[in-house]
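Enquirer: The structure follows.
The values are calculated or read from the model by the stated rules, or taken from the named source; none is laboratory data. Quick caveat, the model's predicted, so the values are computed rather than measured. Quick reminder, even Gly has a Cβ in these numbers, built from the backbone with ideal geometry, and neighbours come from all protein chains shown.
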Number of protein chains: 2
Amino acid sequence: MPDSTKRTKKRAPIPILGYALLGLIDQKPSSGYDLRKIFAETAMGNYSSSPGAIYPALQKLEAGRLVIGNTEETAGLRRRCVYRITQSGSVALKRWLGRPIEGDEVKRGAEELMLRFAFMERVLGPSACVSFLRNFSAVLSPYIGELEAFLAANQDRMPLSARLALESGLRSYRCTFEWTHYALQTYKDFQRERHG
Amino acid sequence: MPDSTKRTKKRAPIPILGYALLGLIDQKPSSGYDLRKIFAETAMGNYSSSPGAIYPALQKLEAGRLVIGNTEETAGLRRRCVYRITQSGSVALKRWLGRPIEGDEVKRGAEELMLRFAFMERVLGPSACVSFLRNFSAVLSPYIGELEAFLAANQDRMPLSARLALESGLRSYRCTFEWTHYALQTYKDFQRERHG
DNA sequence: TCCGGCATGTAAGGTGTTACATGATTGC
DNA sequence: GCAATCATGTAACACCTTACATGCCGGA
């Protein structure tokens, strides 16, 4: 008696930090320490970098066979464990990067979307980036409209600082919206350069 | 033998959601249900609205005597528990709103800062808002410089999409920076209007 | 010899999420 | 009688944070 509710293997959900690590490891095999340094020193600093987050996350990725760690017994220094991505890791990364954008992802802040976009070109190529940007722009547009409507309806009843805080959010969304068009244009120029 | 390390009463740290609730309750005594609706229906939707977050948070605020709940035995509907802010709640709110901005608060996203600003005028008045905006602008400025330098140093080695993702962050910060000046100007106009 | 940088990890605790449970009232 | 809305809550779990623990190496 086959159970049709389980026809696909249940994949344990991967948190954003897991995907960030996976994407970085895909770019270049790395140890936990390497990855921590990337978070601490580069503009990816909005991610944790704390050992209590990264090492357990790496262990979970390894337990799910998305990466494999190889402990180097090099001379000098302490042994370091270098992780590299596996086939199923690569598949999971592609699936994450290729997901269509959902409406509420924008409201919760665009962090995850930007992380996906940053990794996207290497893994899925420029045309996927272009699709993503169009998708992003299309999702952003109605949300900006909603915010404008809310502001118009309520601003008279709010203290000035509350109104300004809302306007700040609106400006940020508009800024991101404009960015999508700038990025699209940049890709067009890039394409023309290659074909020209 | 007095223990000098405990000269101030240890205040349990309040998470952002707690402050959001405290600020809202300060504006108007509310029940958990009221507060959930605010998160769900207004532009404060980036905050949870899930009962599993809000009710425990309210209980913690009450346990810390920052709010007191009063269960109304009204006719009709189920009993609802309306919270109102206490004196020490008011003090805690003021302390939070008046904190100077720390450098890393900007890197972790400006959500909390904007929440503080939104509540600020009612509780601390316009002049505190002006100070806050100047402080914010001053903290933002060097961070934007850092990001620009990082981008200039690394953009040639990155895929186009990664560079664009970074530029998106930079544009957001610049947008917020410009907003601080717009907001400052708005306060100046507001002041002139009142004194004129 | 001891400090600082490399490198990995654990323990405790807090916060939030999803999903579920409960109970009363209004309207059909 | 049943569904929807009002209203509050719990339980299980996942995740991240801070703080600490460990161990090896090179240089002053």
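Enquirer: Go through segment B:25-67 and count every residue that is closer than 20 Å to B:VAL123 by Cα and in contact with a strand residue (DSSP E or B) (Cβ under 6 Å, 6 or more places away or on another chain).
Expert: So the answer is 5.
Enquirer: Quick check on this structure: which one of B:ALA43, B:ALA53 is under 27 Å from A:ASN154 (Cα atoms) and either assigned to a loop (DSSP other than H, G, I, E, B) or in the same structural domain as B:GLU112 (by TED's automatic domain parsing) (or both)?
Expert: Of B:ALA43, B:ALA53, the one residue that is under 27 Å from A:ASN154 (Cα atoms) and either assigned to a loop (DSSP other than H, G, I, E, B) or in the same structural domain as B:GLU112 (by TED's automatic domain parsing) (or both) is B:ALA43.
Enquirer: Taking segment B:172-186 as the search range and keeping residues that are surrounded by fewer than 19 Cβ atoms within 10 Å (Cβ to Cβ) and within 9 Å of another protein chain (Cβ to nearest Cβ), which one is farthest from A:SER172 (Cα to Cα)?
Expert: Taking the candidates together, the pick is B:THR186.
Enquirer: Using the structure shown, decide if B:ARG80 is farther than 29 Å from A:VAL106 by Cα, surrounded by 15 or more Cβ atoms within 10 Å (Cβ to Cβ), within 8 Å of DNA strand D (Cβ to nearest atom) and not assigned by TED's automatic domain parsing to the domain that holds B:GLU112.
Expert: So B:ARG80 passes the test.
Enquirer: Okay, next question. Quick one: how many residues across segment B:18-37 are buried (at least 20 other Cβ atoms within 10 Å of the Cβ) and either part of a loop (DSSP other than H, G, I, E, B) or among the hydrophobic types (A, V, I, L, M, F, W, C) (or both)?
Expert: 6
Enquirer: So which residues in segment A:133-154 are within 11 Å of chain B (Cβ to nearest Cβ) and either under 19 Å from A:MET44 (Cα atoms) or touching a helix residue (DSSP H, G or I) at 6+ places or on another chain (Cβ under 6 Å) (or both)?
Expert: Result: A:LEU133, A:PHE136, A:TYR143, A:LEU147, A:LEU151.
Enquirer: I've got another one for you. Does segment B:45-52 include one or more residues that are among the aromatic types (Phe, Trp, Tyr), within 16 Å of DNA strand C (Cβ to nearest atom), under 21 Å from the mean Cα position of the chain (by Cα) and modelled with pLDDT under 85?
Expert: Yes, segment B:45-52 has at least one match.
Enquirer: Any chance you could count how many residues in segment A:15-44 are touching a Gly at 6+ places or on another chain (Cβ under 8 Å) and either free of Cβ contacts under 8 Å to residues at least 60 places away in the same chain or within 13 Å of DNA strand C (Cβ to nearest atom) (or both)?
Expert: The total comes to 3.
Enquirer: Here is a follow-up. Does segment A:62-69 include one or more residues that are part of a helix (DSSP H, G or I), out of contact with any Cys (no Cβ under 9 Å at 6 or more places or on another chain) and surrounded by fewer than 14 Cβ atoms within 10 Å (Cβ to Cβ)?
Expert: The answer is yes; a qualifying residue exists.
Enquirer: Having 3 or more residues that are farther than 23 Å from A:ARG108 by Cα is the bar; report the helices (runs of 4 or more DSSP H) wholly within segment B:92-196 that clear it.
Expert: Helices (runs of 4 or more DSSP H) meeting the threshold: B:111-124, B:126-154, B:160-195.
Enquirer: Taking the condition of being touching a residue at least 40 places away in the same chain (Cβ under 8 Å), within 12 Å of DNA strand C (Cβ to nearest atom) and out of contact with any helix residue (DSSP H, G or I) (no Cβ under 6 Å at 6 or more places or on another chain), how many residues in segment A:71-86 meet it?
Expert: Number satisfying all stated conditions: 3.
Enquirer: Residues in segment A:100-110: is at least one within 14 Å of another protein chain (Cβ to nearest Cβ), buried (at least 18 other Cβ atoms within 10 Å of the Cβ), under 23 Å from B:TYR173 (Cβ atoms) and more than 16 Å from DNA strand C (Cβ to nearest atom)?
Expert: Yes, the conditions are met somewhere in segment A:100-110.
Enquirer: Now, a different point. Return a yes/no flag: does segment B:56-66 have any residue that is more than 14 Å from the chain's Cα centre (by Cα), assigned by TED's automatic domain parsing to the domain that holds B:PHE136 and either farther than 21 Å from B:ALA128 by Cβ or within 16 Å of DNA strand C (Cβ to nearest atom) (or both).
Expert: no
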